[in-house]
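A.B. asks: Following this message is one structure expressed as structure tokens.
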Amino acid sequence: MHIENLVHMLNQIEAFFAAEEDRDVAIEGIRNHVARFWEKRMRDRILAHLAAGGEGIGPLARAALEHLAQPKVA
Amino acid sequence: MQSRHDHDFGTPASPSTESVTLTIDGMTVTVPAGTSIMRAAAGAGVMVPKLCATDSVDPFGSCRLCLVEIEGRRGFPASCTTPCEGGLQVRTQSSKLAELRKGVMELYISDHPLDCLTCATNGNCELQDMAGTVGLREVRYGYEGLNHLGSQKDESNPYFTYDPSKCIVCSRCVRACEEVQGTFALTIDGRGFESRVAAGANENFLDSECVSCGACVQACPTATLAEKSIIQMGQPDHSVVTTCAYCGVGCSFHAEMQGDRVVRMVPWKDGKANHGHSCVKGRFAWGYATHPDRITKPMIRERITDPWQEVSWDEALQYAARRFKAIQEQHGRESIGGITSSRCTNEETYLVQKLVRAVFNNNNVDTCARVCHSPTGYGLKYTLGESAGTQDFDSVLESDVIMVIGANPTDGHPVFASLMKKRLRQGARLIVVDPRQTDIVRSAHVEAQHHLKLRPGTNVAIVNALAHVIVTEGLVDEAFVAERCEPASFDKWRAFVARENNSPEALEAITGVPADEVRQAARLFATGGNAAIYYGLGVTEHAQGSTTVIGIANLAMATGNIGRRGVGVNPLRGQNNVQGSCDMGSFPHELPGYRHVSDDTARALFGKEWGVTLQEEPGLRIPNMFEAALDGSFKGLYVEGEDIVQSDPNTQHVIAAMESLECLVVQDIFLNETAMYAHVFLPGSSFLEKDGTFTNAERRISRVRKVMPPLAGKADWEVTQALAQAMGYDMNYQHPSEIMDEIARLTPTFHGVSYDKLERLGSVQWPCNDEAPEGTPTMHIDEFVRGKGYFGLTEYVPTDEKVTRKFPLLLTTGRILSQYNVGAQTRRTANNAWHSEDRIEIHPHDAEERGIADGDWVGITSRAGQTVLRATVSQRMQPGVVYTTFHFPESGANVITTDNSDWATNCPEYKVTAVQLTRVSQPSEWQANYKRFASQQIGLLKAAEARAKV
């Protein structure tokens, strides 16, 4: 899993949900999307990248990943 | 000639709901008002003699054979053109009628070859039948007069001949081409005795604009237009109704057989998707099923550079199972997965996902819908609550405005396109949103009111601009929205699209479409009556594919164009079973029926039925599998019916992933491009060799019926089952009907589906359950599946694939009428007569700038790679945009497409690749390497076959 690809995909997801003016709703949308559609290896990899500073990750996506502590879908 | 198994009522059915009662030959007959006397008689079992009439076209009244007598009326009216009226007393037989009919037949036969015993249609010829029916015993005029018996045959079409010497000029072929197909390629040339059927401007059939749909051949009452297969083989002895294995229209056909040999495929008149029509692929391009390239023996090898070894089924399956189990032991449960295909039946797809979930015990299963309509699944579920189109095909006949976005129906879904064109000829208005001037934009008697010729990659901007006009000009259907949609989401969306940055004027520079044209199109869509949207891969295969689907659903909801006939959101699915493969749970996050794997209740339901504990984590999508393979955590893959090496983007990346696998098992009918990297080859079966069902783009489930035994001894579902057994799982179905029974037990939208019901109804559209026991032609009638419709916000985000000075052109890819996707089937038929190579289409301005002439070899370079194709200089393109197809592996179309993909689903962005074109004189390095590798792999295959023969 190339981290550059994962960061790119994550930021694409952010770009969709960023249209939502309510920041919390946008963050929840990103979090849910990643939880529902990303395989565990992908999530683990991006979370490890976040833990290492998360270079390149957009602000909303960063917040969403921080909410992703529980991988189980709400 | 028609199928002998279809009843011909002579004229089309009347749609009237009022009825009239009359007497025919003393029988009281009640029929819908407007029914012809001929049809009413046929319904009562009285076959009035006829030649120019057939129920697929409007009555013509030229042959004068169907004359009848009506009490109280003078003369002998033609029963085909005379409508029934209440109280009429009709006689179809009298001595005078017999005399008249015999006289007509004498004239016909006086200019017709008397070669019935050696004629191809002997045994199924209406002219011959009518001669018998009227009791023709002599021709008083003799046969020596002026005649057409020496006319030359036109044998240019690879599938049928035109023999003018046998033509009776009934015009059935001409009318079928006009009314059924809508191409208007045929005409009657000349007058009086000189009258002859002519293709195009007196060209041969192959060179004319004839699309070889076969409607004329089917309509012909003589041997004038006859299938070459009939000429070669003779008449069929039995017929089996089955479903075409090509596009998402899912046409029903009679497979007309001699024993287990197909003689011809004839569209079934009662098929609800196609109503007796077909295209060149389904009608004629079935010869691949018995092509010499078919592999019929299982094969194994240790490494992909090793020769193949033909082995028994048991040995191949044990070998695959052993390697898969060893990989899982060494690398973990998640290190293997499976890919199924939209070319597989529902039952096969269901078994593949069951194999992965219950036997591999992970969710690493995906389908080729990943690379086509996965954004449809996401976007329609997000907004409407169900991952499917909302209408049946016939709904288009009640549309007043038809918007076609990113679809090329005359090439990709030709039989539905004929239906759409029929409605357009009746007066419906057309909006086309497409970078190219596709045939639907302007063809015979069809012209789009608005062609929004946008730049590739700007769909969301156009959809937002249309929405902006609807919202800001007060064109929203407020009552519908208030009753049917979530108010909060609508309010947000209304405010969002009303922003100035979403206006057509603000977006004109991005889309390239004049703002006024967008405004007019939006007004027409919102106020023109029933408005329906049809879209294809030009919508989905973008970085914002899912966003556009959401935007399309928004447009339909905002204008109240959903939930009744004539309207709706209609994805035109690429392959025959795209809808079905998605329904069957072949996405890595969803169980059958679109239930997320994290849904404890659904997982428990399937787990109990399958006797296993299922995993709750979503699995890998196809592109994720490639990534995981390259990083070493994904080592084994089972691929059924899909050619990922040819069809997925960035070929070099896909190949690298395939080469990194420890065990690749490919199940296919040919050694496809993916199989060249395989360690186990399991020979598959064509649609003619197995039982099952396909679900078409309108959610219609139709039967696929076995007409010949599997050439390799096993149907595909049996192979998957045997692989599961080899891995130690007890999977034991006796027939695909049992698999469907299990699907119905576990999937609410399929609860009412069974083979018995399909036998009874012919086909059924899901949801089919207690609430809708005979299926659901129109969805979301009273409420959306999700309850209230949800308006998603659709911010336009430009693709990362941008033009630069180095890559100044945008490449978009697609397919054409005569070839089908990776071409594995159609390339092995005579369809190559129309398209024997992929070419790059380029606008004359761009061509001239680069010194490129039509037919030149052109190097196409993108950020991903380079390939070489010949150029077609075409005004269909807009400047700055080039186009190619991907039907031939040596073309390397996907060598140049990139890894960019849809944000929600990873559906590749095939439709936007920045490229540069230059004239070249030799193939690309990739093509040279491909040629070497493919030659080596075919050599390894041939060596195995030769060894097995020794």
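The values are calculated or read from the model by the stated rules, or taken from the named source; none is laboratory data. The structure presented is a predicted model; accordingly, all values stated were derived computationally and were not measured. Every residue, glycine as well, gets a Cβ built from its backbone with ideal geometry; the counts of neighbours run over all protein chains shown. What goes into the accessible areas is simple: the full protein's heavy atoms, side chains included, and nothing from ligands, DNA or RNA. Shrake-Rupley method; radii C 1.70, N 1.55, O 1.52, S 1.80 Å.
A.B. asks: Could you check how many residues of the stretch B:113-148 are farther than 19 Å from B:Leu51 by Cβ and either in contact with an Asp or Glu (Cβ under 9 Å, 6 or more places away or on another chain) or of a type outside the set (A, V, I, L, M) (or both)?
C.D. replies: Looking only at the stretch B:113-148, we keep the residues that are farther than 19 Å from B:Leu51 by Cβ, and these are B:117-118, B:138, B:140, B:142-146.
With the extra rule that they be either in contact with an Asp or Glu (Cβ under 9 Å, 6 or more places away or on another chain) or of a type outside the set (A, V, I, L, M) (or both), the set shrinks to B:118, B:138, B:140, B:142-146.
Of the residues in that region, 8 qualify.
Listed here are the residues, each with its yes/no results for (1) in contact with a Cys (Cβ under 7 Å, 6 or more places away or on another chain); (2) outside any helix (DSSP H, G or I); (3) farther than 30 Å from B:Lys635 by Cβ; (4) more than 9 Å from chain B (Cβ to nearest Cβ).
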{"residue": "A:Glu4", "(1), (2), (3), (4)": "no, no, no, yes"}
{"residue": "A:Glu20", "(1), (2), (3), (4)": "no, yes, yes, no"}
{"residue": "A:Glu28", "(1), (2), (3), (4)": "no, no, yes, yes"}
{"residue": "A:His33", "(1), (2), (3), (4)": "no, no, no, no"}
{"residue": "A:Leu47", "(1), (2), (3), (4)": "no, no, no, yes"}
{"residue": "A:Gly54", "(1), (2), (3), (4)": "no, yes, no, yes"}
{"residue": "A:Leu60", "(1), (2), (3), (4)": "no, no, yes, yes"}
{"residue": "A:Ala64", "(1), (2), (3), (4)": "no, no, yes, yes"}
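A.B. asks: Looking at (1) within 15 Å of the chain's Cα centre (by Cα); (2) farther than 18 Å from B:Arg699 by Cβ; (3) modelled with pLDDT under 95; (4) not hydroxyl-bearing (Ser, Thr, Tyr), which is the only condition B:Ala417 fails?
C.D. replies: Only one criterion in (1) within 15 Å of the chain's Cα centre (by Cα); (2) farther than 18 Å from B:Arg699 by Cβ; (3) modelled with pLDDT under 95; (4) not hydroxyl-bearing (Ser, Thr, Tyr) is unmet by B:Ala417, namely (3).
A.B. asks: Residues that are farther than 24 Å from B:Phe784 by Cβ, modelled with pLDDT of 95 or more and open to solvent by 10 Å² or more (accessible area, probe 1.4 Å), at least 3 per element: which helices (runs of 4 or more DSSP H) completely within the stretch B:435-541 meet that? Working first, answer last.
C.D. replies: Details: elements: B:459-472, B:478-484, B:487-498, B:504-511, B:515-527, B:537-540.
Helices (runs of 4 or more DSSP H) meeting the threshold: B:504-511, B:515-527.
A.B. asks: I've got another one for you. Of everything in the stretch A:35-45 that's within 7 Å of chain B (Cβ to nearest Cβ) and open to solvent by 10 Å² or more (accessible area, probe 1.4 Å), which residue is farthest from A:His67 (Cα to Cα)?
C.D. replies: Filtering first and then ranking leaves A:Arg41.
A.B. asks: If I filter the stretch B:749-760 down to residues being in a helix (DSSP H, G or I) and under 14 Å from B:Arg699 (Cβ atoms), which single residue comes out as most open to solvent (accessible area, probe 1.4 Å)? Show your work before the answer.
C.D. replies: So in the stretch B:749-760, the residues in a helix (DSSP H, G or I) come out as B:749-750, B:755-760.
In the following step, the residues that additionally are under 14 Å from B:Arg699 (Cβ atoms) were identified as B:749-750, B:758.
Numbers: B:Thr749: 30, B:Phe750: 2, B:Leu758: 1 Å².
The selected residue is B:Thr749.
A.B. asks: Same structure again: Give me the residue from the stretch B:542-556 that is closer than 14 Å to B:Asp902 by Cβ and aliphatic (A, V, I, L, M) and, out of that set, surrounded by the fewest Cβ atoms within 10 Å (Cβ to Cβ).
C.D. replies: First, the residues of the stretch B:542-556 that are closer than 14 Å to B:Asp902 by Cβ: B:542-551.
So of that shortlist, the ones also aliphatic (A, V, I, L, M) come out as B:543, B:549-550.
Working: B:Ala543: 24, B:Val549: 34, B:Ile550: 27.
For the stretch B:542-556, the residue satisfying everything is B:Ala543.
A.B. asks: Moving to a separate point now. Do you know which residues across the stretch B:615-657 are under 21 Å from B:Ala320 (Cα atoms), under 29 Å from the mean Cα position of the chain (by Cα) and away from every other protein chain (no Cβ under 14 Å)?
C.D. replies: B:Leu637, B:Tyr638, B:Val639, B:Glu640, B:Gly641, B:Glu642, B:Asp643, B:Ile644, B:Val645, B:Ile655
A.B. asks: Kindly evaluate B:Pro588 against the criterion of being out of contact with any strand residue (DSSP E or B) (no Cβ under 7 Å at 6 or more places or on another chain) and open to solvent by less than 50 Å² (accessible area, probe 1.4 Å). Steps first, please.
C.D. replies: On the way: out of contact with any strand residue (DSSP E or B) (no Cβ under 7 Å at 6 or more places or on another chain): no; open to solvent by less than 50 Å² (accessible area, probe 1.4 Å): yes.
Considered against the rule, which asks whether it is out of contact with any strand residue (DSSP E or B) (no Cβ under 7 Å at 6 or more places or on another chain) and open to solvent by less than 50 Å² (accessible area, probe 1.4 Å), B:Pro588 comes out as no.
A.B. asks: Check B:Ala201, B:Ala131, B:Ala185 and return the single one that is touching a helix residue (DSSP H, G or I) at 6+ places or on another chain (Cβ under 7 Å) and either touching a residue at least 60 places away in the same chain (Cβ under 8 Å) or farther than 22 Å from B:Lys228 by Cα (or both).
C.D. replies: On the way: B:Ala201 fails: touching a helix residue (DSSP H, G or I) at 6+ places or on another chain (Cβ under 7 Å); B:Ala185 fails: either touching a residue at least 60 places away in the same chain (Cβ under 8 Å) or farther than 22 Å from B:Lys228 by Cα (or both).
Only one candidate passes the filter, namely B:Ala131.
A.B. asks: Only one of these is closer than 21 Å to B:Ile655 by Cα, touching a residue at least 24 places away in the same chain (Cβ under 8 Å) and within 29 Å of the chain's Cα centre (by Cα): B:Thr913, B:Thr905. Name it.
C.D. replies: Working: B:Thr905 fails: closer than 21 Å to B:Ile655 by Cα.
B:Thr913 is the lone residue from the list that is closer than 21 Å to B:Ile655 by Cα, touching a residue at least 24 places away in the same chain (Cβ under 8 Å) and within 29 Å of the chain's Cα centre (by Cα).
A.B. asks: I need every pair where a residue in the stretch B:314-328 that is farther than 15 Å from B:Thr720 by Cα has its Cβ under 9 Å from the Cβ of a residue that is aromatic (Phe, Trp, Tyr), sequence separation at least 6 or different chains.
C.D. replies: Matching pairs, first to second residue: B:Gln328/B:Phe360.
A.B. asks: Can you pull out every residue in the stretch B:593-614 that is open to solvent by less than 40 Å² (accessible area, probe 1.4 Å), at the interface with another protein chain (Cβ under 10 Å from one of its Cβ atoms) and more than 19 Å from B:Thr349 (Cβ to Cβ)?
C.D. replies: B:Ser598
A.B. asks: If you scan the stretch B:63-95, which residues turn out to be open to solvent by 50 Å² or more (accessible area, probe 1.4 Å) and either in a loop (DSSP other than H, G, I, E, B) or modelled with pLDDT under 95 (or both)?
C.D. replies: Our first condition is that a residue be open to solvent by 50 Å² or more (accessible area, probe 1.4 Å); within the stretch B:63-95, this holds for B:64, B:71-74, B:76, B:81, B:83, B:85-87, B:89, B:91, B:93, B:95.
Scanning the stretch B:63-95 gives B:Arg64, B:Glu71, B:Gly72, B:Arg73, B:Arg74, B:Phe76, B:Thr81, B:Glu85, B:Gly86, B:Gly87, B:Gln93.
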